[in-house]
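The values are calculated or read from the model by the stated rules, or taken from the named source; none is laboratory data. Treat the numbers as computed from the prediction; the structure is a model and nothing was measured. Neighbour counts are summed over all protein chains in view; Cβ atoms, including those assigned to glycine, are modelled from backbone coordinates with ideal geometry. Heads up: the accessible areas ignore ligands, DNA and RNA and are worked out on the full protein's heavy atoms, side chains in. Shrake-Rupley method; radii C 1.70, N 1.55, O 1.52, S 1.80 Å.
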Amino acid sequence: MINAERTRLMTRLAAFESREDKDALKITDYYRKDYIGAQVLSGLVSGTIAFVIMLILYVFYNIEDLMQAIFTMDLMLFGRDILLVYFAFILVYGIICYLYATCQYDKKRRRMKEYLGDMKDLYHLYKRPGVSKKR
């Protein structure tokens, strides 16, 4: 005989596994600091790449003005200004990545607790006396 409660739990578990990404299923392998640190580090790398692309686009857009002013401008001051803008950009981007990774970890961890609770309930339904398993 089919147990309705077990069927409902197994359907909910299968829906969770098909709906969630692989990261949510593997979140139990990470400590909070490790997950957030890895996400922030990858965010900083992608932020650096994005900054370099934006800098290249800025240079190409203003190439005529830069070529005319290259001999009269203080290149050290120009380089320092670019580095200051880069560090400000990376600081803000790193904070945003940290906040986003923290929210994602907490949300995925909460979902995994529900999933593992359902798995435990399903296990107990199979262990309940009087419920026979068909083979």
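Numbers below:
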quantity: Label point distance in nm, ILE82-ALA50, each placed 7 Å from Cα along Cα→Cβ; calculated: 2.0 nm
quantity: Mean separation of Cα contacts under 8 Å, 6 or more apart, over the residue count of the chain: relative contact order %; calculated: 50 percent
quantity: Probe 1.4 Å, accessible area per residue of segment 18-135, Å²; calculated: 79 Å²
quantity: For segment 80-117 versus segment 1-62, the gap between their alpha-carbon centres in whole angstrom; calculated: 11 Å
quantity: Ordering of 59-65, 87-93 by burial proxy (mean other Cβ atoms within 10 Å per residue, highest first); calculated: 87-93, 59-65
quantity: Rounded percent of accessible protein surface that carbon and sulfur make up, the chain, 1.4 Å probe; calculated: 65 percent
